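A short write-up of the structure that comes next.
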Amino acid sequence: MGEIPNILKDGFQRSVLLMAVSAAALVLSYAGITPVERFDMAWVAIVLCGFPIIWGAVKGLAIDHDIRAGVLVSMAIIAALCLQEYFAAGEVALIMQIGDCLEQFSSKRARKGIERLVDMSPKTGRVVEGDEEIVIPVESIPVGAVIRVLPGESVPLDGRIVSGSTSIDQSVMTGESIPVDKTVGDEVCSGTINQMGAFDMEVVRGNEDSSFQRMAAMVASADAGRTRVVRIADRWATRLVAVVMVLVLATYLLTWDIYRAVTIMIVFCPCAFILATPTAVVAAIGNLTRYGLLVKDGDSLERMAEVDTVAFDKTGTVTEGEPSVVDVLPEGDRDGFLSVLASAESRSEHPLGRAIVAFARSEGVRVSDPEGFAMKVGRGVEALVDGKRVLAGNIPMMEEASVHVPPSAVERAEALYGRGCTSVYVSVDGKFAGMVSLSDTIRDGSRRTVSELSDMGVGCVLLTGDNPRAASFIASAAGIGEYRAECTPEGKMGEIASLQDAGRKVMMVGDGVNDAPALKTAWVGMAMGGTGTDIAVDAADIALVGDRLENIPHTVDLSRRMVGRIRFNIAFSLVWNAFAVGLSMMAVIGPVEGALVHNVGSVFVVANSALLLVHGRGREGLIRVDEPQSRPSSG
């Protein structure tokens with residue numbers, strides 16, 4: 001008994017409970033079983049399922065002045081009650097309850113992104129006053145105050161570094177996987193992560209105006225501003241009500257038979273019509289789940305059918321989201337160079353250092369523990385390997401150690417920078433020993449996905465925080481014709497809005513917190529469920545589990561077929577209803593027979609929608625969630 005209150009609080013579980021009780025009551029009614037003398041058990045279904053429908057219809061008419069499908073169902077229930085055909089009234093109410101239950105099932109997952117976004121934001125900051133540090137809430141920290149950020153902490157507010165150097169993980173704001181070196185005079189944003197050294201910063205914007213809070217506000221405003229697709233049955237309700245009333249009035253005037261006229265109201269009840277949309281939606285969602293796509297609601301798939309442009313985030317979406325070695329330029333023996341470099345980096349916690357060590361081990365190169373190790377914040381690492389002093393870092397580090405870097409190496413690094421690469425220069429005992437370049441790699445399946453979308457008439461655009469040269473290179477490698485570089489979260493949101501203002505229906509595909517505003521602004525948002533953050537997944541309409549981009553074209557194709565199936569179901573239900581009305585006008589069938597005729601139409605609609613479950617089976621390139629996915633090598 002303790003579970004009942006919880007069940008009644010949950011809308012979906014409550015609908016299932018009402019449907020089960022009502023169905024059992026109708027079975028007893030049809031069998032003529034009456035536990036209570038002279039009480040038709042169909043009243044249970046009428047009260048539990050029918051009265052809420054009638055109340056909703058009255059409320060919609062009186063308050064919202066809106067005629068929806070519930071008005072038609074209410075008319076049928078009331079007409080059946082007037083004729084004392086309680087089974088027919090209960091059966092109509094149950095069919096409507098089934099339709100509502102299916103719709104609730106397809107949209108049960110609630111959005112929690114904004115709450116999680118707020119929870120991620122730093123709550124306190126270390127204000128420096130003389131020789132003391134005072135920890136106070138971020139909302140109490142004034143502009144101009146100096147705060148200290150320790151390694152591993154989130155930057156609480158937007159500011160400018162006044163002392164110290166560090167590397168900042170900016171992925172929460174820009175989506176880029178490689179940390180950015182920061183020193184005195186550089187700006188840092190709230191919500192980003194301090195990875196290396198402690199630093200002091202002067203606050204330049206208060207909590208309400210901080211980058212992180214602005215991004216949270218953008219997610220909320222974008223969600224509130226996007227209109228939902230109205231259920232197809234509701235769009236037609238006004239016209240159908242008018243048609244029913246004309247038929248009822250015409251039949252009564254021609255036959256003066258109120259019983260026959262009211263029977264038309266019952267048989268015209270759009271049971272199959274109401275089931276046309278939710279059954280197709282649930283079948284499509286079931287199909288997509290098999291291929292690792294989790295859909296939050298049917299509206300998303302209706303909108304998906306209209307998508308003509310897909311905007312891809314770069315890092316973690318089109319690319320793998322992790323740096324890997326793409327170029328090795330040794331001055332001498334390659335394996336020896338990699339062994340010395342990887343050994344020096346073996347104690348580093350920097351993503352570039354970890355990637356270098358992983359690459360060396362995959363090449364079968366020996367990696368040993370260094371005899372000494374020091375991290376030079378904003379520069380690189382220094383280590384003693386086999387008695388040799390090894391430096392691995394950027395150009396400023398080489399200059400400070402008076403290491404001459406050949407112009408050819410600098411030119412090569414500049415060329416690779418245009419491909420989104422970061423280069424690490426290496427010296428051994430004061431002499432230049434070589435260089436390695438690292439970059440994010442194209443995700444397996446990206447180019448195929450773009451090609452298939454293009455064949456379907458869907459254009460693609462790349463949105464990234466990278467520089468224009470790197471953006472151009474990645475876009476070209478993935479086969480994407482358009483790109484927008486140096487995009488902030490506001491910039492991505494603005495680009496989506498501009499495309500849609502131009503009349504395009506855009507689906508945004510992203511994975512990071514910085515993509516959340518764009519995911520909400522887009523006509524449809526899809527998040528990478530495997531590598532993506534919880535914020536991005538919650539902000540999106542669809543989550544791509546397993547990050548298999550190859551399944552995106554199937555989603556677009558299936559959504560279009562789903563809408564086509566819905567339209568066919570609606571057309572069939574209208575023809576079927578017209579047939580039933582004709583039989584009713586000729587007094588061939590009565591209310592109970594009419595209800596059974598509707599059941600035949602409803603069964604056909606459900607069976608027709610169920611065919612969507614097997615769509616795409618055997619299609620080349622389509623990957624199920626239980627199938628292995630090939631991954632590109634780290635080299």
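The values are calculated or read from the model by the stated rules, or taken from the named source; none is laboratory data. Predicted model, so just to flag it, every value in this text is computed and none were measured. Backbone-built Cβ (ideal geometry, glycine too); neighbour counts: all protein chains shown.
Report every pair of residues separated by at least 6 positions or lying on different chains whose Cβ atoms are under 9 Å apart, first residue within the stretch 332-344 and without any contact (Cβ under 8 Å) to a residue 60 or more places away in the chain and buried (at least 19 other Cβ atoms within 10 Å of the Cβ), second among the basic types (Lys, Arg) and assigned to a helix (DSSP H, G or I).
Ala342/Arg361
Say whether the condition of being farther than 20 Å from Ile274 by Cβ and either free of Cβ contacts under 8 Å to residues at least 24 places away in the same chain or assigned by TED's automatic domain parsing to the domain that holds Val606 (or both) is met by at least one residue in the stretch 48-61.
For the stretch 48-61, residues farther than 20 Å from Ile274 by Cβ and either free of Cβ contacts under 8 Å to residues at least 24 places away in the same chain or assigned by TED's automatic domain parsing to the domain that holds Val606 (or both): absent.
Go through the stretch 120-141 and report how many residues are in a strand (DSSP E or B) and either closer than 17 Å to Gly152 by Cβ or in contact (Cβ under 8 Å) with a residue 60 or more places away in the chain (or both).
Result for the stretch 120-141: 6.
What are the residues in the stretch 455-480 that are surrounded by fewer than 16 Cβ atoms within 10 Å (Cβ to Cβ), part of a helix (DSSP H, G or I) and not basic (Lys, Arg), if any?
Asp455, Pro468, Ser476
To keep it simple, each residue is scored yes or no on (1) aliphatic (A, V, I, L, M); (2) at pLDDT below 90; (3) within 30 Å of Arg548 (Cβ to Cβ).
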{"residue": "Asn287", "(1), (2), (3)": "no, yes, yes"}
{"residue": "Gly321", "(1), (2), (3)": "no, yes, yes"}
{"residue": "Asp333", "(1), (2), (3)": "no, yes, no"}
{"residue": "Ala358", "(1), (2), (3)": "yes, no, yes"}
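For the stretch 400-429, how many residues are surrounded by 13 or more Cβ atoms within 10 Å (Cβ to Cβ) and of a type in the set (D, E, K, R)?
Of the residues in that region, 2 qualify.
Looking at the stretch 145-248, what strands (runs of 3 or more DSSP E) fall wholly within it and have at least 1 residues that are of a type in the set (Phe, Trp, Tyr), at pLDDT below 80 and outside the structural domain of Val506 (by TED's automatic domain parsing)?
Per the criteria, no element qualifies.
Kindly indicate which of Ala344, Ala276 is within 30 Å of Val92 (Cβ to Cβ), outside the structural domain of Phe473 (by TED's automatic domain parsing) and out of contact with any Lys or Arg (no Cβ under 6 Å at 6 or more places or on another chain).
When all the criteria are applied, what remains is Ala276.
Conditions (1) assigned by TED's automatic domain parsing to the domain that holds Gly197; (2) in contact with a helix residue (DSSP H, G or I) (Cβ under 7 Å, 6 or more places away or on another chain); (3) of a type in the set (Lys, Arg), marked per residue:
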position: Gly332; (1), (2), (3): no, no, no
position: Ala355; (1), (2), (3): no, no, no
position: Ala360; (1), (2), (3): no, yes, no
position: Val365; (1), (2), (3): no, yes, no
position: Phe373; (1), (2), (3): no, no, no
position: Arg379; (1), (2), (3): no, yes, yes
position: Val385; (1), (2), (3): no, yes, no
position: Leu391; (1), (2), (3): no, yes, no
position: Asn394; (1), (2), (3): no, no, no
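Would you pick out the residues in the stretch 493-517 that are assigned to a helix (DSSP H, G or I), hydrophobic (A, V, I, L, M, F, W, C) and in contact with a helix residue (DSSP H, G or I) (Cβ under 8 Å, 6 or more places away or on another chain)?
Once the filter is applied, which keeps residues that are assigned to a helix (DSSP H, G or I), hydrophobic (A, V, I, L, M, F, W, C) and in contact with a helix residue (DSSP H, G or I) (Cβ under 8 Å, 6 or more places away or on another chain), the stretch 493-517 yields Met493, Ile496, Ala497, Val513, Ala516.
Is it the case that Leu48 is surrounded by 13 or more Cβ atoms within 10 Å (Cβ to Cβ), over 23 Å from Thr263 (Cβ atoms), modelled with pLDDT of 80 or more and under 32 Å from the mean Cα position of the chain (by Cα)?
no
For residues in the stretch 74-108 being modelled with pLDDT under 75 and either of a type in the set (Val, Ile, Thr) or touching a strand residue (DSSP E or B) at 6+ places or on another chain (Cβ under 8 Å) (or both), which is nearest to Leu294 (Cα to Cα)?
Only one residue fits best here, namely Ser106.
Find the residue count for the stretch 411-436, including only residues that are under 21 Å from Glu382 (Cβ atoms) and not in a loop (DSSP other than H, G, I, E, B).
14
Taking the criterion of being farther than 28 Å from Cys82 by Cα, at pLDDT below 80 and not in a loop (DSSP other than H, G, I, E, B), would at least one residue in the stretch 547-566 satisfy it?
Scanning the stretch 547-566, I find at least one residue that is farther than 28 Å from Cys82 by Cα, at pLDDT below 80 and not in a loop (DSSP other than H, G, I, E, B), so the answer is yes.
Restricting to the stretch 294-306, count the residues that are buried (at least 24 other Cβ atoms within 10 Å of the Cβ) and modelled with pLDDT of 90 or more.
The total comes to 1.
For the stretch 497-521, which positions are charged (D, E, K, R) and free of Cβ contacts under 8 Å to residues at least 24 places away in the same chain?
Asp501
Report yes if Leu384 is closer than 30 Å to Val184 by Cβ and over 42 Å from the mean Cα position of the chain (by Cα), otherwise no.
Criteria met by Leu384.
In the set Arg361, Arg366, which member is surrounded by fewer than 21 Cβ atoms within 10 Å (Cβ to Cβ) and within 30 Å of Thr315 (Cα to Cα)?
Matching residue, one of Arg361, Arg366: Arg361.
When you look at Ala284, is it assigned to a strand (DSSP E or B), surrounded by 24 or more Cβ atoms within 10 Å (Cβ to Cβ) and not β-branched (Val, Ile, Thr), yes or no?
Considered against the rule, which asks whether it is assigned to a strand (DSSP E or B), surrounded by 24 or more Cβ atoms within 10 Å (Cβ to Cβ) and not β-branched (Val, Ile, Thr), Ala284 comes out as no.
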